[in-house]
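Worksheet: one structure, shown below.
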Amino acid sequence: MTYYVDRQCQIADENLPSEAQLTEWVSAALKGRLEDAELSIRIVDAEESQALNHQYRGKDSSTNVLSFPFEMPEGIELDLLGDLVICAEVVAREAEQQNKPLLNHWCHMVVHGVLHLLGFDHINNDEAEEMEQLERDILASLEIPDPYLVSE
């Protein structure tokens, strides 16, 4: 298994996960699903997140994670999985609002985004249940509690 993560930071913040952490989380999400993969994770501010969310999803607000699967041209074989764009401000705000450790929430957003790159979605209830259970299982393998339990 070879997983390569290209970490791109549009912002400077000492609380951001390292490339090693991102690679560990990506590896956990891909384990048993894909042998080799390459992806980029771009960490952005709210303004860039909002612009991309508006351009690609028609939603005029920043969001936690956007997934852009690589569409392989016919006849070309690459291990390129796609790109994740993660908004540091939204992730930090959500972690605080949900009383979760910041790095745990970062991990959840990376795992969530990688599953989207693999084709998982949460549009209907059945898909959401399957995807959320996968997230729980992957996070548990990293000793991170269920992200869908509400903390008081």
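Values for this structure:
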quantity: Residues being in a helix (DSSP H, G or I), closer than 22 Å to R93 by Cα and aliphatic (A, V, I, L, M) - total across region 10-31; calculated: 1
quantity: Single match in L22, L34 (criterion: buried (at least 19 other Cβ atoms within 10 Å of the Cβ) and either more than 21 Å from L134 (Cα to Cα) or not hydroxyl-bearing (S, T, Y) (or both)); calculated: L22
quantity: P147 vs. criteria within 25 Å of Y3 (Cα to Cα), surrounded by 18 or more Cβ atoms within 10 Å (Cβ to Cβ) and at pLDDT below 95; calculated: yes
quantity: Matching residues, region 11-30, being within 16 Å of G113 (Cβ to Cβ) and not hydroxyl-bearing (S, T, Y); calculated: L16, P17, E19, Q21, L22, E24, W25, V26, A28, A29, L30
quantity: So E74, is it more than 23 Å from M1 (Cα to Cα), loosely packed, with under 12 Cβ neighbours inside 10 Å and not small (G, A, S); calculated: yes
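The values are calculated or read from the model by the stated rules, or taken from the named source; none is laboratory data. Since this is a predicted model, take the numbers as computed values, not measurements. Counting neighbours? That spans all protein chains shown, and the Cβs are built from the backbone with ideal geometry, glycine included.
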